[in-house]
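Some notes on the structure that comes next.
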Amino acid sequence: MSSALETLRRDFGGGIIEPGGAEYESASGSLLAAGNPAHVLRPQSIGDVQAGVRFAARAGLPLSVRGGGHGFPGFGTNDGGVVIDLSKLANVEIIDKERHLVRIGGGATWGQVAAALTPHGLAISSGDTKSVGVGGLTLTGGIGWKVRKYGLALDNVAAAEVVTAGGEVVHASAGENPELFWAIRGGGGNFGIVTTFDFAAHPTTDVFYGKVAFAASEAATVIQGWADYLRTAPEELTSTANLANPFGGGPEAPVEIYVAFDGDDPELAARAIDPIRRLGTVTGDDIALQPYADTLADGTPPPPGLVFALRSAFADRESVPEVLQILAEVRASERSPFIAIRSLGGAVSRVPDDSTAYAHRHAELMFVTTSAGPKPVVEAARPALEAIWERLTPHVDGAYANFLSSATEEDVAAVYPTQVYSRLAAVKRRYDPGNLFARNHNVRPR
Ligand SMILES: Cc1cc2nc3c(=O)[nH]c(=O)nc-3n(C[C@H](O)[C@H](O)[C@H](O)COP(=O)(O)OP(=O)(O)OC[C@H]3O[C@@H](n4cnc5c(N)ncnc54)[C@H](O)[C@@H]3O)c2cc1C
């Protein structure tokens, strides 16, 4: 046994799962990627995280950090390396009742957070799915059902505890290590393992949530009208449009506009939502008042063998008409990918550009194309997808890291514009000069 492994076995109090072990099959892969790591470590304490990081560094093995395990590029596992699986660090604790400050373990899921906060009438702007991890979603954004009112998940982080590549524990907040605090709000898992996040939660009532469906033939006008309306809609209203759905009827699939109105006053909700109902011929409407936690989907694992190719980009005000025109044309073809468009603006756009490493504050919309199926099917669809993106590229800006299944140099450049990248690289050099945390949209130490 190597001395690094001996030290790990001595210092590590959590589970060490290795090939042949009882839990290995379920622990080796993440949700969307299979893997054959040599060691899956499940820390129970911050000391375990330190021991795990030191082990990976000393052993010279590739390191994957797994929060909720939902990352699309599959960075939550690897072959032959170490996985630090944070799922046992999932405590959710209200640490300041007056300020609604909540301390959340780096391996918690948003479902665990919702379950803990609902009895207190609190919520945090996050995503749309319970099984997604707090760690991965927050470190590069967090676009969910309260984003226009309360900003991205990362906009609500007040402080974090981080284990750096050297195994040291560092605190990051506006007052302590502010450059690290800037970097972890947008720069992903490049700088260390976040063992706890302190979030500012907000009181929540039940919310009006559901979808309005429109005839496929009206897709182009509905989607342009939707984007126009959201420019002046109250910020309590957050909305997502499922413009194309190859799994739900292809070109004949209805356009589905999901809305979440953050409030329980029926009159205010109707005033905010009715302009959407008037966008075209409504073929379905299931909007109802419900607990905020119930708006989050469970997130069932996909059938084995299904792969996902996701690309995303942002559109600012000037390019919205052009982008939506192209997407509406694409949705009418038999070979359209799934297309989802999320409204932004509101609180997201009011945060100063340089206060976090998230670099897409001015976008009105973020959209994602998804091809899914067995690998050969997704591969065969690639040329058609490339052609769609060639049309879109002149009009769009950047990429949303959480909805990318690849991590090429081009992707990294789209996520981090040059100035942001170079500031991140300086932080990386300080906290991870050897690039131990490389399985992510990677920032190389300057
Ligand atoms: C079904 C589904 C629904 C989704 N819905 C939304 C949505 O509504 N809004 C949205 O914005 N995104 C959404 N996403 C995208 C999601 O935010 C990303 O996939 C995210 O990376 C998932 O985080 P995770 O912790 O579950 O994944 P993981 O694969 O565990 O983590 C992804 C990466 O984040 C880093 N990481 C995770 N935790 C930590 C930590 N504690 N410390 C340091 N690094 C860490 C690591 O680099 C890791 O490789 C969704 C994804 C899926 C699959």
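Of all residues in the stretch 231-263, count the ones that are assigned to a strand (DSSP E or B) and among the polar types (S, T, N, Q).
Taking the stretch 231-263 first, the residues assigned to a strand (DSSP E or B) are 237-244, 255-261.
From the residues that got through so far, the ones that are among the polar types (S, T, N, Q) too are 238-240, 242.
Qualifying residue count for the region: 4.
Determine whether the stretch 165-173 contains at least one residue that is of a type in the set (D, E, K, R) and assigned to a helix (DSSP H, G or I). Let's see the steps before the verdict.
Step one: of the stretch 165-173, the residues of a type in the set (D, E, K, R) are 168.
Within this subset, residues satisfying the condition of being assigned to a helix (DSSP H, G or I) are none.
No, every residue in the stretch 165-173 fails to be of a type in the set (D, E, K, R) and assigned to a helix (DSSP H, G or I).
Could you list, in sequence order, all residues of the stretch 37-72 that are touching a residue at least 40 places away in the same chain (Cβ under 8 Å) and on the phi > 0 side of the Ramachandran plot?
If the condition is that a residue be touching a residue at least 40 places away in the same chain (Cβ under 8 Å) and on the phi > 0 side of the Ramachandran plot, then GLY69 is the only one that fits.
Among the numbered conditions (1) assigned to a helix (DSSP H, G or I); (2) within 13 Å of the ligand (Cβ to nearest atom); (3) not acidic (Asp, Glu), tell me where TRP182 comes up short.
For TRP182, the failing item is (2).
Somewhere in the stretch 90-113, is a residue free of Cβ contacts under 8 Å to residues at least 12 places away in the same chain, more than 8 Å from the ligand (Cβ to nearest atom) and either in a loop (DSSP other than H, G, I, E, B) or under 29 Å from MET366 (Cβ atoms) (or both)?
Yes: one or more hits.
Given ARG10, ARG54, which one is crowded, with 19+ Cβ neighbours inside 10 Å, out of contact with any strand residue (DSSP E or B) (no Cβ under 9 Å at 6 or more places or on another chain) and not in a loop (DSSP other than H, G, I, E, B)?
Numbers: ARG10 fails: crowded, with 19+ Cβ neighbours inside 10 Å.
Just a single option satisfies the conditions, and that option is ARG54.
Conditions: (1) more than 16 Å from the ligand (Cβ to nearest atom); (2) over 23 Å from VAL83 (Cβ atoms). PRO433 meets all but one. Number of the miss?
Condition (2) is where PRO433 drops out.
Could you say whether any residue in the stretch 159-171 is away from the ligand (no atom under 12 Å from the Cβ) and open to solvent by less than 10 Å² (accessible area, probe 1.4 Å)?
Pass one, the stretch 159-171, residues away from the ligand (no atom under 12 Å from the Cβ): 159, 166-171.
The next check asks that each one be open to solvent by less than 10 Å² (accessible area, probe 1.4 Å); those that pass are 167.
Yes, the conditions are met somewhere in the stretch 159-171.
Go through the stretch 368-402 and give me each residue that's assigned to a loop (DSSP other than H, G, I, E, B) and open to solvent by less than 10 Å² (accessible area, probe 1.4 Å).
The first filter runs over the stretch 368-402 and keeps only residues assigned to a loop (DSSP other than H, G, I, E, B), leaving 381, 396, 398-400.
Residues satisfying the conditions are ALA399, TYR400.
How many of the residues making up the stretch 120-140 are more than 9 Å from the ligand (Cβ to nearest atom) and β-branched (Val, Ile, Thr)?
If we filter the stretch 120-140 for residues that are more than 9 Å from the ligand (Cβ to nearest atom), which is where we start, we get 120-125, 130.
With β-branched (Val, Ile, Thr) added as a condition, the list becomes 124.
Result for the stretch 120-140: 1.
If ILE143 satisfies all but one of (1) part of a loop (DSSP other than H, G, I, E, B); (2) closer than 22 Å to PRO37 by Cα, what's the number of the condition it fails?
(2)
Restricting attention to the stretch 192-200, does a residue exist that is of a type in the set (Phe, Trp, Tyr), touching a Gly at 6+ places or on another chain (Cβ under 8 Å) and within 15 Å of the ligand (Cβ to nearest atom)? It would help to see each step written out before you state the result.
First pass over the stretch 192-200, keeping only residues of a type in the set (Phe, Trp, Tyr): 197, 199.
In the following step, the residues that additionally are touching a Gly at 6+ places or on another chain (Cβ under 8 Å) were identified as 197.
Still in the running and within 15 Å of the ligand (Cβ to nearest atom): 197.
The answer is yes; a qualifying residue exists.
Hey, could you check the stretch 73-84 for residues that are open to solvent by less than 40 Å² (accessible area, probe 1.4 Å) and either in contact (Cβ under 8 Å) with a residue 60 or more places away in the chain or near the ligand (Cβ under 10 Å from one of its atoms) (or both) and say which is farthest from ALA34 (Cα to Cα)? Write out each step before concluding.
At the first step, the residues of the stretch 73-84 found to be open to solvent by less than 40 Å² (accessible area, probe 1.4 Å) are 74, 76-78, 80-84.
Subset that is either in contact (Cβ under 8 Å) with a residue 60 or more places away in the chain or near the ligand (Cβ under 10 Å from one of its atoms) (or both): 74, 76-78, 83-84.
On the way: GLY74: 8, GLY76: 9, THR77: 7, ASN78: 8, VAL83: 12, ILE84: 15 Å.
Residue satisfying both the conditions and the ranking: ILE84.
The values are calculated or read from the model by the stated rules, or taken from the named source; none is laboratory data. Values in this document were obtained by computation on a predicted structure and should not be read as measured data. As a convention, Cβ positions derive from the backbone with ideal geometry for all residues, glycine included, and neighbour counts pool all protein chains shown. Calculation scope for accessible area: heavy atoms of the full protein, side chains included, ligands and nucleic acids excluded. Shrake-Rupley method; radii C 1.70, N 1.55, O 1.52, S 1.80 Å.
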